């Protein structure tokens, strides 16, 4: 049970009795809500917590954000160091809070318990629950946040969701023996409908040419590699007009998996629910999984996906190939960062999209004991199965 510690006063009344706001107390950033109904957790920036300035609040105390609140004021009102508030909630100086958000003021010792000891060679994992942040997870298991980022191909701008599996140590998951992992329970927005330990290579946006696209999807199909292709609707329409070729149909004919990437690559978080749903429709790919442009999601975007019956699918490794990396750089990024069951983000027009690049990725991952997702046996369906036959 959360407790609102405004002590019967409105935020404005309390603010009148408080010191002036500290500039930058809550600035532009990604929203974090710890209310279970949102089912969303933002990635965390862990800062060193310091001792409270005054007597600590009761164990498990929280503050429900009201209009006009800032993190610095909340810390001052409750006699808690600002660094402690950051660490407990996985926030940082650039984080933004909203009315209704629940801010933790003390650690919940019942939730943070020492994990069982694993064999040194076994990989420890954590299944994300509502309210988790990467900072809290790292602190709970006594590992560094940077190592969590590296092991999972994440960054400070990444988002985690309930059901996601966070790797905490290197190595194979306990008991896996290097074999495919059993199907997980629940949908992971970063791993998508791949419930195996095979790595999925995904490609967004639009290819440079029809020849380049055809070469890759036919080569991948003939080598039993299943790529996830996410073209925009504008791209599909352009190739249809110039060449009379349907890119999604061509990819599916070669056993490749095709998902939505919107019509025109608009940031869905800037749209209403209805406009987001329209952006996810035709002439974009009409299917049951979609890649949000820029990986940007909020309540309106989730509402749009729900309206069209589509599940968003993000990624666990971002190669940043769009920065102009060479083929060798992209291959090294994939081989070095991919983890069992991971989803790798690349783009159709950059240097990771070629038979030679994908072949080198396959060889490099094989040397680490990892395999790529397999092609669909025959023509892949428009609506993908809830568990890909990787």
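The values are calculated or read from the model by the stated rules, or taken from the named source; none is laboratory data. Keep in mind the model is a prediction, meaning the values are calculated, not measured. Quick reminder, even Gly has a Cβ in these numbers, built from the backbone with ideal geometry, and neighbours come from all protein chains shown.
Residues of region 366-390 being part of a helix (DSSP H, G or I) and within 19 Å of residue 222 (Cβ to Cβ), which ones?
Across region 366-390, the qualifying residue is only 366.
Can you confirm whether residue 341 is in contact (Cβ under 8 Å) with a residue 24 or more places away in the chain, in contact with a strand residue (DSSP E or B) (Cβ under 7 Å, 6 or more places away or on another chain), over 17 Å from residue 259 (Cα atoms) and part of a loop (DSSP other than H, G, I, E, B)?
It is false that residue 341 is in contact (Cβ under 8 Å) with a residue 24 or more places away in the chain, in contact with a strand residue (DSSP E or B) (Cβ under 7 Å, 6 or more places away or on another chain), over 17 Å from residue 259 (Cα atoms) and part of a loop (DSSP other than H, G, I, E, B).
Output the number of the condition that residue 170 fails; it satisfies all remaining conditions of (1) modelled with pLDDT of 75 or more; (2) surrounded by fewer than 16 Cβ atoms within 10 Å (Cβ to Cβ).
(1)
Which of the numbered conditions does residue 94 fail, given that it passes all the others? Conditions: (1) farther than 27 Å from residue 225 by Cα; (2) exposed (fewer than 13 other Cβ atoms within 10 Å of the Cβ); (3) at pLDDT below 75.
Only one criterion in (1) farther than 27 Å from residue 225 by Cα; (2) exposed (fewer than 13 other Cβ atoms within 10 Å of the Cβ); (3) at pLDDT below 75 is unmet by residue 94, namely (2).
When region 46-79 is examined, which residues are found to be in a loop (DSSP other than H, G, I, E, B), modelled with pLDDT of 50 or more and touching a helix residue (DSSP H, G or I) at 6+ places or on another chain (Cβ under 8 Å)? Give the steps one after another, and end with the answer.
Here is the first cut: in region 46-79, the residues in a loop (DSSP other than H, G, I, E, B) are 46-61, 65-70, 78-79.
With modelled with pLDDT of 50 or more added as a condition, the list becomes 61, 65-70, 78-79.
Scanning region 46-79 gives 65, 66, 67, 68, 69.
Could you check residue 123 against (1) closer than 27 Å to residue 187 by Cα; (2) at pLDDT 80 or above and say which number it fails?
(2)
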